[in-house]
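What follows is a short report on a single structure.
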Amino acid sequence: MIKCSREKNLNFCGGCNEYPCEELKNFQRQMPHRAELWKAQSRIAEIGAAQWTDEMKAYFSCPECNASNTSYDLKCPKCGHIPGNGFAGNNREAIMAYLEEKMKS
Ligand SMILES: [Zn+2]
């Protein structure tokens with residue numbers, strides 16, 4: 001996708017006339033941390049990448065201690081707050097299903 005966006009001189013997939021292409025659809029459904037990819041693309045188009053990045057920094061921070069956490073931090077590793085951030089709270093079931101499946105294999 002990086003190669004594709006460079007060839008088309010695009011900064012993000014949402015600006016492409018082939019959006020959403022099959023490659024992006026396949027990429028999106030592989031991992032739960034990509035659950036909000038479609039929302040992200042439309043938000044970047046709406047407010048620009050810089051402002052969206054600021055929103056994501058806040059969204060991925062713990063609401064209690066402000067630690068920056070990952071998509072998979074259902075519980076903040078620093079202070080124990082549940083969820084570890086807004087994303088983990090909004091996608092709890094998909095993340096849990098993914099982690100449980102991963103434990104089996
Ligand atoms: Zn915390």
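Rule-based calculations on the coordinates, nothing more; no lab input. Please read these numbers as outputs of a predicted model, since none were measured by experiment. Every residue, glycine among them, receives a Cβ derived from its backbone with ideal geometry; neighbour counts consider all protein chains shown.
Numbers at a glance
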{"quantity": "Partner lysines for LYS104 [C-alpha distance under 25 Å; skip if fewer than 8 residues away on the same chain]", "calculated": "LYS75"}
{"quantity": "Over the chain: helical MRE at 222 nm, DSSP H runs n ≥ 4 each giving -39500 (n - 2.57), nearest 500", "calculated": "-15000 deg cm²/dmol"}
{"quantity": "Difference of contour (0.36 nm per residue) and Cα-Cα distance, ALA50 to PHE12", "calculated": "12.5 nm"}
{"quantity": "Spacing of the two label points (7 Å from each Cα toward its C-beta) at ARG34 and ALA58, in nm", "calculated": "2.8 nm"}
{"quantity": "Given LYS3/LYS25; LYS25/LYS57; LYS57/LYS102, the pairs whose alpha carbons are separated by over 20 Å", "calculated": "LYS25/LYS57; LYS57/LYS102"}
{"quantity": "Angle between the chain longest axis and helix 92-104 axis [Cα atoms, degrees, rounded to 10]", "calculated": "80 degrees"}
{"quantity": "Qualifying GluC sites (Glu not before Pro) in the stretch 1-89, DSSP loop, other Cβ atoms within 10 Å at most 15", "calculated": "GLU18, GLU64"}
{"quantity": "GNM result for the chain, Cα springs below 10 Å: residue of GLY89, GLY48, GLY14 fluctuating most strongly", "calculated": "GLY48"}
{"quantity": "Value of D in µm² per second that Stokes-Einstein yields for the stretch 16-105, Kirkwood Rh from Cα pairs, at 25 °C (0.890 mPa s)", "calculated": "173 µm²/s"}
